[in-house]
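See structure below.
The values are calculated or read from the model by the stated rules, or taken from the named source; none is laboratory data. On a predicted model such as this, the values are computed, not experimentally measured, just so you know. Neighbour counts are summed over all protein chains in view; Cβ atoms, including those assigned to glycine, are modelled from backbone coordinates with ideal geometry.
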Amino acid sequence: MYQPEIEAMDREQLVSQQLESLRRTLARIQERNPDYHRRLGSVQPGDVSSLENLAGLPFMDKDDLREAYPFKLTCAPKEDFVRFHMSSGTTGTPILNPYTKADVDQWGEIMARCYAAAGVGAEDVVQITPSFGLFNGGFGFHYGATRLGSFIVPIGAGRSTLQLQFIEDLGTTCLTAIASYPLRLIEVAREEGFDWRSTNLRVGIFGAEVWSDEMRGRIEEEMGITTYDIIGMTETGGVGMGIDCEDRSGIHVWEDHYLVEIVDPVTGRTLPDGERGEMVVSTLTREGLPLIRFRTRDITSVLSRDRCGCGRTHLRIARITGRNDDMIKVKGINFYPQQIESLLLREPGVGNDYLLTIDRVAGADRLEIKVEVQNPGDDTLAGRLARILRDFLAFNADLELVPLGSIERPPGKAVRVVDRRK
Ligand code: ZN
């Protein structure tokens, strides 16, 4: 499924193809949705002579897509829709992304490409643990694996004991999951005396959450697998917009389908390669809900546009280090929860779960960090962690070491932060 004629294409050719696809997408919007076209300042596709012209168009964000519920920004007749997926916002109006048949095909293609980059093919047994439903994960992994002709284990979310049984009995070689789910599986495996090394599992494809390099290392060590970090979201057409490769030198974004810009989250100014900022995505081949300059809120940077060690030429971005929305400000200090995660998980004896609770007491911010450890009575570890956290935060957090398994594990995505100030 590796397609060198596309994935290792000469960049000049790739960029000219992107420009052509961008014009086609703008023409589609102009033709199918006059309101959407007006939003873009009634830009004429023929006037876009280079990709740099994109910077003259307005941004769109999640709120715009929410206000467009259900079909105000769509660019295909309703009878062409075959399905939709929905983003799991915490409250309020959801974001719908309706897919045409061509959109489903596009999704299958990029997902097959992602599997191939992870070394997964027809001979593999692929266990799909994200849910099949409104969340895009389950179906995305399903379409890609169907293209490859892999043996699919479509178990969906939860049922950890059965997950382990299938890994063993069906000879699962590739596990796909929301990034925090492997931690739950590891816990259940420990309780049940499950031996990862006796299984055929060799690849994990995880995403949909920000997971630190330290967390990644622990999962790989415990399960005895190689993991791949996959990106994509409901708004862009689901999981599969990009993935890292065996070279581990950044996440390739499939640029024949997606155009990526990195902008300053405050000023909106386009940032040069290497600088960290918010990823902005324009879709180049989507029909149902094409996006022009969609602000993802994900913080990353362009690492390279040079040919990768794997041979691919599609640009590489850094692993997502945080989401704009996740940024925490305590006592005037800004940080991402994953930065705390990295610091904690570097220490031996520290478990995989932690919880940050922020409160305001007598007008002052207070940060409590609860972290699971093997031995909560280990004063040396407590002292060391307190020092490390103080060096990073420049203030004292209330650190509490708690026994493994004592922090509540809600179903679905992991909860790492509770901010009581809001
Ligand atoms: Zn590569």
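Values as computed for the structure displayed
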read-out	value
Extreme residue, surrounded by the fewest Cβ atoms within 10 Å (Cβ to Cβ), among residues of region 392-419 that are of a type in the set (D, E, K, R) and at pLDDT 95 or above	Asp398
Single residue of region 108-162 satisfying the filter (within 16 Å of the ligand (Cβ to nearest atom) and hydrophobic (A, V, I, L, M, F, W, C)) that is surrounded by the most Cβ atoms within 10 Å (Cβ to Cβ)	Cys114
Residue in region 239-253 that is away from the ligand (no atom under 16 Å from the Cβ), over 22 Å from Ile178 (Cα atoms) and assigned by TED's automatic domain parsing to the domain that holds Arg113 present	no
Subset of region 307-319 that is more than 8 Å from the ligand (Cβ to nearest atom) and in contact with a Leu (Cβ under 9 Å, 6 or more places away or on another chain) - its residue that is farthest from Glu7 (Cα to Cα)	Ala318
Top-ranked residue of region 38-97 - restricted to ones that are farther than 24 Å from Phe139 by Cβ and among the β-branched types (Val, Ile, Thr), ranked as surrounded by the fewest Cβ atoms within 10 Å (Cβ to Cβ)	Thr91
Filtered residue count, region 214-238, keeping only those that are within 16 Å of the ligand (Cβ to nearest atom) and charged (D, E, K, R)	1
Residue list for region 377-411, restricted to those being assigned to a loop (DSSP other than H, G, I, E, B) and among the aliphatic types (A, V, I, L, M)	Ala394, Ala397, Leu404, Ile407
Restricting region 254-280 to residues that are modelled with pLDDT of 95 or more and of a type in the set (A, V, I, L, M, F, W, C), the residue that is nearest to the ligand (Cβ to nearest atom)	Trp254
Selection within region 365-417 - among the hydrophobic types (A, V, I, L, M, F, W, C) and in contact with a Gly (Cβ under 7 Å, 6 or more places away or on another chain)	Val373, Leu381, Leu404
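To keep it simple, each residue is scored yes or no on (1) in the same structural domain as Glu5 (by TED's automatic domain parsing); (2) acidic (Asp, Glu).
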| residue | (1), (2) |
| --- | --- |
| Arg316 | yes, no |
| Arg319 | yes, no |
| Phe335 | no, no |
| Leu344 | no, no |
| Asp353 | no, yes |
| Pro376 | no, no |
| Pro403 | no, no |
| Arg409 | no, no |
| Val415 | no, no |
